[in-house]
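First up is the structure itself, then whatever we jot down about it.
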Amino acid sequence: MEPKKEAKFSSRWGFILSAVGSAVGMANVWGFPAKMGANGGGAFLVAYLIFVALFSVVGLSAEYAIGRRAKTGTLGAYRLAWATRGEKTGKAGGVLGWLPLAGSMCIALGYAVIISYVLKALWNSLTGELMQVETTTWFETFSGADYSVIPFHIIVVVGTLLTLLLGAKSIEKSNKIMMPIFFIIFVVLAVRVSMLPGAAEGYKFMFTPRWEELKNPMVWIWAMGQAFFSLSVTGSGMIVYGAYLDDKEDVVHIAARTAIFDTIAALVAALVIIPACFAYGLDVGAGPSLLFVTLPKILQDIPFGQLFAIILYVAMIFAGISSLQNMFEAVGESLEHKLPKLSRKVVLVILCVICLGIGLHMEPIAKWGPWMDIVSIYIIPIGATLGALSWFWIMKKSDLLDEINKNVSKPHGNLWYNIGRYLYVPCAIILCAVALFMKVAF
């Protein structure tokens, strides 16, 4: 099925900002600083940058390319890739494509809850309540109770789905607003944090590698997992954005730009959180509590803390919604492709009912925490591995290279393909094996 006429990004930068918006989310804003804090600081950063370079140039560009070639999202892309080996094989690929697609939907359910917490934090910042409470008690009050953030949950889900009404056009327009503001806000916050006494120790931790840490294989494993999920190379979400990419674009070049801006976002977030934690002697590897316990404590203590709290949580809302857009779009587009008689409005209503119907039962952290662990330990790594194998071992090499090399001045050949086949694919398999057998949630 050819994508609808409006399902195209109007410009290269519109596409890049939308792709960066998908990649920039909780994995950057709390995931990256927390994992960096718990895994050697500068040494983790070195390993992370190596994997980002590898996964973007090879893995991310392959997902963009297969989406563009299929002119549709997850289900059609897997079918097309596998069909290069025969029609029956293509049908099997179309069936297997449901697994990574399910990963997108499952993580969207839990992700919407997290963003609902962020929206509550923004509301309490606006009212001033967050500046007066004991933050641990405040967070436990709503994160441990059933149906505690229902109004915020509904706003997040319905609001995000409304930004998808016009497909690529509305995704592009919203990200052209959200992403620049996100970057500006975090730069402002980073400048403010740099003025805190003791912040310099945080910079030393971030940018002075302790090379002996790289002897620890888990530093590499955590860096690899963070790179996979920070770039959203999960065998599903970025495929649909590739379907909306113009044939004249160089997918490898665009994938590299996506990675650069995604990495800048991660570093800027770390420049806010890690120096602030060092300044106040707080745990930099605390995970979700960084956003809802640690940072509010810091904001309560600094001049104009309420203003900076509002700024922080606005940026977090933008980061979360831009990622949630991609998850919903991957599922919605595939439903439209599979059931062409359904209009986009009907598909979005279906997604709204599913997300609210299931998601409202997952609001306590005791429920959505384990849910997100299951998704990140099992479904997402398997989907990422299935995608990597499909592009570099199942799909015919000539077909993949034909798409990769559309309108490029210097065609990519055996080197690019072999890096994908013999480096990228093994990384995906290792990540999957570690996640499954060691139960490490990325």
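The values are calculated or read from the model by the stated rules, or taken from the named source; none is laboratory data. In this text, all values refer to a predicted model and were calculated from it rather than measured experimentally. All Cβ positions, even for glycine, are placed from backbone atoms using ideal geometry, and neighbour counts span all protein chains on display. For the accessible areas, the whole protein counts, side chains as well, though only heavy atoms, and no ligand, DNA or RNA atoms are used. Shrake-Rupley method; radii C 1.70, N 1.55, O 1.52, S 1.80 Å.
Assuming a ≥ b ≥ c are the square roots of the Cα gyration tensor eigenvalues, decide whether the stretch 188-271 counts as rounded (a/c under 1.5), prolate (otherwise, with a/b larger than b/c) or oblate.
Here the stretch 188-271 falls in the oblate category.
Taking the Cβ of residue 233 as the centre, find all other residues whose Cβ is under 13 Å away and add up their charges (Lys, Arg: +1; Asp, Glu: -1).
For residues surrounding residue 233, the net value is -2.
Please work out the Cα center distance from the stretch 212-288 to the stretch 105-159, rounded to the nearest Å.
Distance between centres, Cα-based: 24 Å.
Can you return the lysines within cross-link range of residue 367? Criterion is Cα-Cα under 26 Å, with same-chain partners fewer than 8 residues away left out.
35, 120, 297, 439
Compute, for the chain, the length of the dipole vector about the Cα centre, with Cβ point charges of +1 (Lys, Arg) and -1 (Asp, Glu) only. Units Debye, rounded to 20.
My answer is approximately 1280 debye.
With every protein chain kept in the model, how would you rank 220, 416 by accessible area, 1.4 Å probe, largest at the top?
Highest to lowest solvent-accessible surface, that is 220, 416.
Within the stretch 232-326, list the chymotrypsin sites (Phe, Trp or Tyr not before Pro) lying in a DSSP loop whose Cβ has at most 16 other Cβ atoms in a 10 Å radius.
304
For the stretch 99-181, which GluC sites (Glu not before Pro) are both in a DSSP coil and crowded by at most 15 other Cβ atoms within 10 Å?
For GluC sites (Glu not before Pro) across the stretch 99-181 that sit outside H, G, I, E and B with at most 15 neighbouring Cβ atoms in 10 Å, the list reads 134.
Report the accessible area of residue 301, computed with a 1.4 Å probe over the heavy atoms of all protein chains in place, in Å² rounded to the nearest 10.
Answer for residue 301: close to 100 Å² accessible.
For the pair residue 350 and residue 92, what calculated FRET efficiency results from E = 1/(1 + (r/R0)^6), where r is the Cβ-Cβ distance and R0 = 35 Å, to the nearest 0.05?
0.85
Which of the lysines could be linked to residue 169 by a straight reach, that is with a Cα gap under 26 Å, when you skip same-chain ones fewer than 8 residues away?
Within the straight-line limit of under 26 Å, residue 169 reaches these lysines: 4, 5, 8, 71, 248, 338, 341, 345, 406.
Find how many whole Å separate the alpha carbon centroid of the stretch 24-91 from the alpha carbon centroid of the stretch 313-355.
What the calculation gives is 20 Å, centre to centre.
Can you show me the helix-derived [θ] at 222 nm for the chain, built from DSSP H runs with n ≥ 4 at -39,500 (n - 2.57) apiece and divided by the number of residues, rounded to the nearest 500. Write down the numbers at each step before the final one.
On the way: 22 runs with 306 residues, N = 442.
Using -39500 (n - 2.57) per qualifying helix, the result is -22500 deg cm²/dmol.
Could you work out how far helix 42-54 tilts from the main Cα principal axis of the chain, as a 0 to 90 degree angle to the nearest 10?
Once rounded, one gets 20 degrees.
With unit charges on the beta carbon (Lys/Arg positive, Asp/Glu negative), name the residue among 422, 332, 376 whose Cα is farthest towards the positive pole of the charge dipole of the stretch 308-442.
422
Once a ≥ b ≥ c are taken as the square roots of the eigenvalues of the Cα gyration tensor of the stretch 334-442, is the result rounded (a/c under 1.5), prolate (a/b larger than b/c) or oblate (a/b not larger than b/c)?
Cα axes put the stretch 334-442 in the oblate bin.
Compare 190, 384, 81 in a GNM of the chain, Cα atoms joined below 10 Å, and give the one with the largest fluctuation.
Looking only at 190, 384, 81, the biggest GNM fluctuation is shown by 190.
Once you sort the root eigenvalues of the Cα gyration tensor of the stretch 90-224 as a ≥ b ≥ c, which label holds: rounded (a/c under 1.5), prolate (a/b larger than b/c) or oblate (the other case)?
Oblate, because a/c is 1.5 or more while a/b does not exceed b/c.
Please determine, in degrees from 0 to 90 and to the nearest 10, the orientation of helix 251-280 with respect to the longest principal axis defined by the Cα atoms of the chain, where the helix direction is its Cα long axis.
It works out to around 20 degrees.
Please sort by residue number the trypsin sites (Lys or Arg not before Pro) in the stretch 133-224 whose DSSP state is loop and whose Cβ has at most 13 other Cβ atoms within 10 Å. Show your work: numbers first, answer last.
On the way: sites: 169, 173, 176, 192, 204, 210, 215; in loops: 210.
The qualifying sites are 210.
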